[in-house]
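Presented below is the structure to which this report refers.
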Amino acid sequence: MGAPQQQVVEGGSREGVERRDEERVGPERREDQARGAKDMEKGELAGGIGAGINSTEYRTAMLQRLNPTNPLRIVINGSTRVAAASAAATRSMPTPSPAQSHASVPRSTPTPQNSVVTLNSRTYSNRFSLFLFMVHLVAAIGLVGFLVFKGVQGLLQSSESVKRKEKMVLQYFLPQVVAASLLSITLAFAWQKAVRTWPLIMVHFILWSTFLVSLAGGVLLLCFQKPPTDGIGVCLIAFSIGSGLYACWVSQRTKFCCKVLVKSLEPVSKFRDLNSPIYWMLGIGFMWMSLWILSVIGALNFYYPPLIIIALVLSLAWITEVMRNIANITVSRVISLYYLRGMQSSTQFCFQRALTYNLGSACLGSLFVPAIEALRIIARGLNLLEGEDEFMFSCAHCCLRVMETIFGYGNGWAFVQIAAYGKGFVQASQDTWELFKAQKMVEIVDSDITSSICFLTGVCSGSACLIVVAAWTYMVHQTFTATISLLAFFVGYLMTRIAMALPHACVCCYYVCYAENPDNRLFDKTIKDRQAMIESGRDVVVPTPRVPGRSPRMQNALPR
């Protein structure tokens, strides 16, 4: 039979096999080929049982019997053919001994398989950043508790002059800041409700109300005619002018932004408790800020008050940003699973995942995304101002290359894949940006102004809190006006940003889930029509260039 003969052939030398093949001619060779192919087919079907040899060893033996004049004589399953180059390479190899030949034959070839993407990952992402945040949180709680204790101790046990100072701080400092916190929560819910109810109107309203309210706050502080308030007032007026110019610059993009905002907010009505993580984060934020304010008062009676207050401010910024991203990830998971799988997910379960498995990614993203957004603004500004100046061209080109690298490893769109698949922040950023590139959506997402709208909403709330608190403080105690005004602005901004996490997450899910599955029936032709208009030149976008190389305007800016 064919199989026992192959065992003998495999055990012999290759020169002898080739010599015997060359001696066979004409019909005898064709008969041998047919018999070998038939035996090969039997070996494939029976798995080599009864013949004492598996199919892999049999294929190797057949390759050793290839004749130089007829290398294409074996067909495996009618699809795989042995090429002449393979036979030549086999003959050029040194002749192994029978034992070595048998040992060197691979028993099986592993088939590469794609990793299965799961929507229910149980792995903690970005564990180092999670550990770092937990250490920072424990240290912050300890510092705040110690400073509150020092404040109470100074009020009860210090001399009369210190007690008088403590009472004055509690009387003229604490009420205004607590009022600013309550006002910021009210404004936060008002902004979110208004954006969800009247998205077409609120985009334009936010752009221009930020300009007016920040300008009014700056003018009010200048009217106090004190050096600290004058400095803050000048900064606010400069920002208001910049926001007004920005509102004029993005006027062509507001229509598309409104269309995407309306479409992305449609699934919110299907989840009645989708705002519950926002409520939790705002409640926890209010309690933490109340203790934080007391710790600031206690820091005034401790060593190096300016340094301690700066550390407290940075700590508060990171903690509130993590709170915002926890709400962002919760909403993103609910909405993304609705888009990707049509699932009605439990908001409570998604909130628990955001607080556990995805918390590390939220901590890491909270550190880098604000810095990335700031660099994005700088890159766009330099791209607009580079002109014909060689120095400005060099700065703009360098900044754009930095942005090209940064956006490949960290961007705000990553929170959608973090929520859906449990990926780490860097991996989610890379995968999301590759999706945008594959779907040719980079220009569209780059020109999106939703994140700017949410940022300006926070600035508007902060300016409103500043106006109320500054007027109140100036009437009762003018010395604290600048400090409390700046603190009220900071509190108002942070609270509103937490509340605006819901519309921002919905818009991000709309873009990212569309990039992953553009043919989903839940998506309309909004993005496709936009892409067609951009390709045809009927629509104008003003993106931040990220591709290395020079744009036509940069080419003109080169020195000749």
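From Ser451, Ser485, which residue is open to solvent by less than 30 Å² (accessible area, probe 1.4 Å), in a helix (DSSP H, G or I) and more than 21 Å from Phe286 (Cα to Cα)?
Values: Ser485 fails: more than 21 Å from Phe286 (Cα to Cα).
Just a single option satisfies the conditions, and that option is Ser451.
Checking the structure you have, find out if any residue of region 183-201 is under 30 Å from Tyr304 (Cα atoms), open to solvent by less than 90 Å² (accessible area, probe 1.4 Å) and in contact with a helix residue (DSSP H, G or I) (Cβ under 8 Å, 6 or more places away or on another chain). Lay out the reasoning, then the answer.
From region 183-201, those under 30 Å from Tyr304 (Cα atoms) are 184; that's our starting set.
Of the ones still in play, those that are also open to solvent by less than 90 Å² (accessible area, probe 1.4 Å) are 184.
Those left that are additionally in contact with a helix residue (DSSP H, G or I) (Cβ under 8 Å, 6 or more places away or on another chain): 184.
Yes, region 183-201 contains at least one residue that is under 30 Å from Tyr304 (Cα atoms), open to solvent by less than 90 Å² (accessible area, probe 1.4 Å) and in contact with a helix residue (DSSP H, G or I) (Cβ under 8 Å, 6 or more places away or on another chain).
Looking at Tyr514, Tyr493, Tyr510, which is the one that is open to solvent by 30 Å² or more (accessible area, probe 1.4 Å) and at pLDDT 90 or above?
On the way: Tyr514 fails: open to solvent by 30 Å² or more (accessible area, probe 1.4 Å); Tyr510 fails: open to solvent by 30 Å² or more (accessible area, probe 1.4 Å).
None of the other options fit; the residue is Tyr493.
Can you pull out the helices (runs of 4 or more DSSP H) entirely within region 88-196 that have at least 2 residues that are at pLDDT 90 or above and under 30 Å from Met500 (Cβ atoms)?
By residue number, 127-157.
Would you check which residues across region 222-246 are buried (at least 18 other Cβ atoms within 10 Å of the Cβ), in contact (Cβ under 8 Å) with a residue 40 or more places away in the chain and in a helix (DSSP H, G or I) and list them?
If the condition is that a residue be buried (at least 18 other Cβ atoms within 10 Å of the Cβ), in contact (Cβ under 8 Å) with a residue 40 or more places away in the chain and in a helix (DSSP H, G or I), then Thr229, Ile232, Leu236, Phe239, Ser243, Tyr246 are the ones that fit.
Going by the conditions given, is Val426 modelled with pLDDT of 90 or more, farther than 30 Å from Lys525 by Cα and assigned to a helix (DSSP H, G or I)?
Numbers: modelled with pLDDT of 90 or more: yes; farther than 30 Å from Lys525 by Cα: yes; assigned to a helix (DSSP H, G or I): yes.
Criteria met by Val426.
Consider Phe436 carefully, then state whether it is open to solvent by 50 Å² or more (accessible area, probe 1.4 Å) and at pLDDT 85 or above. Before you say what the answer is, go through the steps one by one.
Working: open to solvent by 50 Å² or more (accessible area, probe 1.4 Å): no; at pLDDT 85 or above: yes.
No; evaluated as a whole, the condition is false for this residue.
Return the total of residues in region 349-361 being open to solvent by less than 50 Å² (accessible area, probe 1.4 Å), part of a helix (DSSP H, G or I) and not charged (D, E, K, R).
Selection size over region 349-361: 6.
Within region 504-519, is there a residue that is in contact (Cβ under 8 Å) with a residue 40 or more places away in the chain and charged (D, E, K, R)? Give the derivation first.
The initial filter retains those residues of region 504-519 that are in contact (Cβ under 8 Å) with a residue 40 or more places away in the chain, namely 504-518.
Okay, now just the ones that are also charged (D, E, K, R), so 516.
Within region 504-519, one or more residues are in contact (Cβ under 8 Å) with a residue 40 or more places away in the chain and charged (D, E, K, R).
The values are calculated or read from the model by the stated rules, or taken from the named source; none is laboratory data. Note that the coordinates shown come from a computational prediction; the quantities given were computed from them, not determined experimentally. Note that each Cβ is placed from the backbone with ideal geometry, even for glycine, and that neighbours are counted across all protein chains shown. Calculation scope for accessible area: heavy atoms of the full protein, side chains included, ligands and nucleic acids excluded. Shrake-Rupley method; radii C 1.70, N 1.55, O 1.52, S 1.80 Å.
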